[in-house]
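*Asks:* The structure's right below; bear with me while I get my questions together.
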Amino acid sequence: MLIPYLGSQITNQPKCLVVFSEVRMGLGAHFLASHNISANQIRATAEERRRAAAEANQQLEDGDEEETTVVVETSELSLVVATEEASPGLTTRGRRAAAVNAESAQRKKEKEQKAIDKIKASKKFQKRKREPDGSDDDDDLAQALFEQHSAPLPGQMGNCELCGKRFTVTPYSRSGPDGGLVCGPCGKTLDKENPAPKKKPKQVTGGAVGRRRQVQSNILDGTFTLGGKTLATLCIETLAKNIDLAEDLGDLPGPVIDKIARKLSRHRLLNPTTLSLFLQPTADEVKVYDGAKLTVDDFFRIFRTVPGLKKLKVRNGVHFKDEVMDYLMSRHIELDDLYLHGSNLISEAKWKEYLEKKGKSLQSFRVYWTDKHFTDDVLAVLPTSCPSLTRLKVCHNQKVSGDGVKHIGDIPTLRHLSLDLREHVHSDVYVELLSKIGPNLKTLSLTRAEGVDNSVLDALHTHCRSLEKLRITDSEVMTDAGFARLFKDWQNPGLFFLDLQKCRQLEAARPRENPDHVGLCSDGFRALMAHSGKTLRNLNVHGCRHIEAKAFEEVFSEDSVYEEMSKMEISFCEEVTDFVVGSIFRSCPNLRELNVFGCMKVKDVRVPRGKILVGVPNARGMVIEGVDDFL
Amino acid sequence: MAFNGNSGNGAPSEYITLISSDDFEFTVLREAALISKTISRTLSNPMMEARTGVCHFPEIRGVVLEKVVEYFHYWYKHRDQLDVPDMPIPVELCLELLMAADYLGMDSKPASRDAF
């Protein structure tokens, strides 16, 4: 083989040798590491060799002038060139060195081949090969093992694949585009060019416990059902999650928009921006379920954009204050339904002014959570300024007293009345009220009426003829006889909704004795079921703990059927047993949910399929969703 | 006439066909499609749809109807299970799908599972 530019080729030789030494280093990495040979030592010898090679070059160039051709003996070259023995024989081999470069690739390949053969014969390879998911191609696998084997380990020196510089390999060294390692600076530029793919954030599933908790939570929320959510619900949830992408809800039907509004408020996402989605100029109803983030201007905007507003509902309307009332009065808006929750900044004078000015059209007026400014005097304005008021609710109010309640009696149009007051109101006030407006009342709700006594029950019995929904809670003085008198021969048709929770004796010293039969006890319960059992849909006798098991058994006997009943709350009725619960499920075929918190005698009850029993005091958890098919 | 209408012996086929505005046809298990109140009403009336088992939805696009059909199967598969994972809804179809759900009467659960 003729090599014309011998000199330039020969200068490459020392490099070749260094490359070989590194291949060996790579191959022998395990060996070296295990024999405690340091990389520094190897580098030192390599540099020594390089120096020697440079000297040899010098000699070679001297002799170059005589020799122009070199005969390559391939047989010799095919031998593995051991760098350790390179230095002494360098001069002679230097003469053949021109060929070395050309042959180096081949030599490297052969060496690689040898190593691969060795790997193929190794135990590790055989083991890997048996694994089914591995590559079925022997050569591929061996090659992979070889490459893995030959990469420098952390702490050793390597040559950068890109710039060729030597650097110390660390566990953080990046691999270059061809699989080799690159040095720190090159790695950084590589990172900039194509950053390593980000790890996907781990999805929080909550695990088995989290899911179980979610199911329990849904049951207690009353949103529990078997099977998946409805398509509409899924869509609304997706929409609520991405509400910032929505510009307009289009011409969706009202109930759907209302659901979206509720969903958003639940996540506290209703703000000035999202409010716009729900303000449709043609609508006559605006429901703000969470107005905590709305400012005075946003309320102005509601009245500006929806000129035909008739029904307004604002919950958590903190900024619904005097200015807003002023603005509302200045517009041509005649509300017939006003629902304000938590609007504590409206002054007494403004309430009165509004009612006097705009009360004429008002049919439904509901005010929740006010402390100082919604007073007796405001209620006093109602009879004269609101001639068509049918629904009045004053809840969580700290100011209204008996004087105010008296005025309510002067509203002859009233059909629905709910009061939840903190001030004490004497029973006589209620008796007078019922004698005036009782005959037409459909709803009466007296929440936390602690001092209210039997005279109110008697007034109900005498005056009420169209009551459908009755709630009297927390009374500590009403007696069993009073309840029995109310329901016995009551001219009022059967009730749909009855809530007598916590009408019971409060006696800490001797809780089980109840000589005066304070609260709803057995006779009252029998009488109420005899009167309203057939029509009741929702019954709450929570905490009426003196109702005896015998009364329950009689009421829910084998031949009594209460078709309408869908929800019952009998928590903290001590006498309720497994048998009573079973009887209730038998007598109320359409019962969906039964609450039995604190009924300690309920132990192991069979729940029919699709029915929910909440509050069982056992280790299975709070709730049993029935799976038994016996009904 | 579609293959899945009433067969000769009078018993209705267990599959029905839904056709979108852009003429995509979807064949669904009849029982699964009954979750839609609109479809169940249509099929219970003595109308052409009830005989042939083919319903046309000129207001619903194919991509949307496809998602609806996917929901039918999702609902049918999970109808008796507790704690069902939510079906993913593509955001861009959300509003249209909501309209379709409203139109098909899929905004509330069937009153009782015995209805099916």
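The values are calculated or read from the model by the stated rules, or taken from the named source; none is laboratory data. None of the values given here were measured: they were computed from a predicted structure. Quick reminder, even Gly has a Cβ in these numbers, built from the backbone with ideal geometry, and neighbours come from all protein chains shown.
*Asks:* Identify all residues within region A:242-257 that are within 21 Å of A:Arg268 (Cα to Cα) and either touching a residue at least 40 places away in the same chain (Cβ under 8 Å) or more than 8 Å from chain B (Cβ to nearest Cβ) (or both); write none if there are none.
*Replies:* Correct list: A:Ile243, A:Asp244, A:Glu247, A:Asp248, A:Gly254, A:Ile257.
*Asks:* Sticking with this structure for a sec: Please give the number of the condition B:Arg41 fails out of (1) surrounded by fewer than 16 Cβ atoms within 10 Å (Cβ to Cβ); (2) under 17 Å from A:Leu226 (Cα atoms); (3) under 14 Å from the mean Cα position of the chain (by Cα).
*Replies:* Going through the list (1) surrounded by fewer than 16 Cβ atoms within 10 Å (Cβ to Cβ); (2) under 17 Å from A:Leu226 (Cα atoms); (3) under 14 Å from the mean Cα position of the chain (by Cα), B:Arg41 breaks only (2).
*Asks:* While we're looking at this one, here's another question. With the requirement that a residue be of a type outside the set (Lys, Arg) and under 20 Å from A:Leu309 (Cα atoms), what does region A:348-384 give you?
*Replies:* A:Trp351, A:Glu353, A:Tyr354, A:Leu355, A:Glu356, A:Gly359, A:Ser361, A:Leu362, A:Gln363, A:Ser364, A:Phe365, A:Val367 - these are the residues of region A:348-384 that are of a type outside the set (Lys, Arg) and under 20 Å from A:Leu309 (Cα atoms).
*Asks:* Count, please, the residues in region A:505-547 that happen to be part of a strand (DSSP E or B) and touching a Lys or Arg at 6+ places or on another chain (Cβ under 6 Å).
*Replies:* 2
*Asks:* Considering only helices (runs of 4 or more DSSP H) fully contained in region A:345-463, which possess at least 2 residues that are among the aromatic types (Phe, Trp, Tyr) and in contact (Cβ under 8 Å) with a residue 24 or more places away in the chain?
*Replies:* Ranges flagged: A:348-358.
*Asks:* Any idea which of (1) under 23 Å from A:Asp559 (Cβ atoms); (2) away from chain B (no Cβ under 14 Å); (3) surrounded by 17 or more Cβ atoms within 10 Å (Cβ to Cβ) is the one A:Phe579 doesn't satisfy?
*Replies:* (3)
*Asks:* Is it fair to say B:Tyr71 is in a helix (DSSP H, G or I) and either touching a His at 6+ places or on another chain (Cβ under 7 Å) or at the interface with another protein chain (Cβ under 7 Å from one of its Cβ atoms) (or both)?
*Replies:* When the stated conditions are applied, B:Tyr71 passes them.
*Asks:* Can you pull out the residues in region A:573-604 that are in contact with a Gly (Cβ under 6 Å, 6 or more places away or on another chain) and assigned to a loop (DSSP other than H, G, I, E, B)?
*Replies:* Answer for region A:573-604, where residues must be in contact with a Gly (Cβ under 6 Å, 6 or more places away or on another chain) and assigned to a loop (DSSP other than H, G, I, E, B): A:Val596, A:Phe597.
*Asks:* Inspect all residues belonging to region A:480-490 and state whether any of them is under 38 Å from the mean Cα position of the chain (by Cα), surrounded by fewer than 20 Cβ atoms within 10 Å (Cβ to Cβ) and either over 26 Å from A:His416 (Cβ atoms) or aliphatic (A, V, I, L, M) (or both).
*Replies:* There is no residue in region A:480-490 that is under 38 Å from the mean Cα position of the chain (by Cα), surrounded by fewer than 20 Cβ atoms within 10 Å (Cβ to Cβ) and either over 26 Å from A:His416 (Cβ atoms) or aliphatic (A, V, I, L, M) (or both).
*Asks:* Let me ask something else. Since A:Arg301 meets every condition but one in (1) in contact with an Asp or Glu (Cβ under 8 Å, 6 or more places away or on another chain); (2) assigned to a helix (DSSP H, G or I), which condition does it not meet?
*Replies:* The failed condition is (1).
*Asks:* Assuming A:Gly187 fulfils every condition listed in (1) closer than 30 Å to A:Asp284 by Cβ; (2) modelled with pLDDT of 80 or more apart from one, which condition is it?
*Replies:* Of (1) closer than 30 Å to A:Asp284 by Cβ; (2) modelled with pLDDT of 80 or more, only one is false for A:Gly187: (1).
*Asks:* Within region A:304-328, count every residue that is of a type outside the set (Val, Ile, Thr), in a loop (DSSP other than H, G, I, E, B) and farther than 21 Å from A:Ser361 by Cβ.
*Replies:* 4
*Asks:* Something else about it: Hey, among the residues in region A:204-216 that are in a helix (DSSP H, G or I) and within 11 Å of chain B (Cβ to nearest Cβ), which one's modelled with the lowest pLDDT?
*Replies:* First, the residues of region A:204-216 that are in a helix (DSSP H, G or I): A:207-216.
Cutting the leftovers down to within 11 Å of chain B (Cβ to nearest Cβ) gives us A:208, A:210-216.
Values: A:Ala208: 64, A:Gly210: 72, A:Arg211: 72, A:Arg212: 73, A:Arg213: 75, A:Gln214: 74, A:Val215: 73, A:Gln216: 73.
Out of the qualifying residues, it is A:Ala208.
*Asks:* If you scan region A:238-282, which residues turn out to be surrounded by fewer than 17 Cβ atoms within 10 Å (Cβ to Cβ), assigned to a helix (DSSP H, G or I) and of a type outside the set (A, V, I, L, M, F, W, C)?
*Replies:* Those that are surrounded by fewer than 17 Cβ atoms within 10 Å (Cβ to Cβ), assigned to a helix (DSSP H, G or I) and of a type outside the set (A, V, I, L, M, F, W, C): A:Lys241, A:Asp244, A:Gly254, A:Pro255, A:Asp258, A:Arg262, A:Arg266, A:Pro272, A:Thr273, A:Ser276.
*Asks:* When you look at B:Lys67, is it out of contact with any Cys (no Cβ under 8 Å at 6 or more places or on another chain), more than 19 Å from A:Asn242 (Cβ to Cβ) and among the basic types (Lys, Arg), yes or no?
*Replies:* On the way: out of contact with any Cys (no Cβ under 8 Å at 6 or more places or on another chain): yes; more than 19 Å from A:Asn242 (Cβ to Cβ): no; among the basic types (Lys, Arg): yes.
Considered against the rule, which asks whether it is out of contact with any Cys (no Cβ under 8 Å at 6 or more places or on another chain), more than 19 Å from A:Asn242 (Cβ to Cβ) and among the basic types (Lys, Arg), B:Lys67 comes out as no.
*Asks:* Now, a different point. Just one of the numbered conditions (1) under 24 Å from A:Val215 (Cβ atoms); (2) surrounded by fewer than 18 Cβ atoms within 10 Å (Cβ to Cβ); (3) of a type in the set (S, T, N, Q) is not true of A:Thr230; which one?
*Replies:* All conditions pass for A:Thr230, except number (2).
*Asks:* What are the pairs with Cβ atoms under 6 angstrom where one residue, in region B:91-116, is modelled with pLDDT of 85 or more and the other, located anywhere, is β-branched (Val, Ile, Thr) and surrounded by fewer than 17 Cβ atoms within 10 Å (Cβ to Cβ)? Sequence gap at least six, or different chains.
*Replies:* Cβ pairs passing all conditions: B:Leu104/B:Thr38; B:Gly105/B:Thr38.
*Asks:* To continue, here is another question. How many of the residues making up region A:487-526 are free of Cβ contacts under 8 Å to residues at least 40 places away in the same chain and within 15 Å of A:Asp453 (Cα to Cα)?
*Replies:* 3
Residue-wise test of (1) in a helix (DSSP H, G or I); (2) touching a His at 6+ places or on another chain (Cβ under 6 Å); (3) among the hydroxyl-bearing types (Ser, Thr, Tyr); (4) at pLDDT 90 or above.
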position: B:Pro12; (1), (2), (3), (4): no, no, no, no
position: B:Phe26; (1), (2), (3), (4): no, no, no, yes
position: B:Thr38; (1), (2), (3), (4): yes, no, yes, no
position: B:Arg41; (1), (2), (3), (4): yes, no, no, no
position: B:Pro46; (1), (2), (3), (4): no, no, no, no
position: B:Glu49; (1), (2), (3), (4): yes, no, no, no
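*Asks:* Being within 14 Å of chain A (Cβ to nearest Cβ), out of contact with any His (no Cβ under 9 Å at 6 or more places or on another chain), surrounded by 13 or more Cβ atoms within 10 Å (Cβ to Cβ) and not in a helix (DSSP H, G or I) narrows it down to one of B:Leu82, B:Leu65, B:Leu93, B:Leu97, so name that one.
*Replies:* When all the criteria are applied, what remains is B:Leu82.
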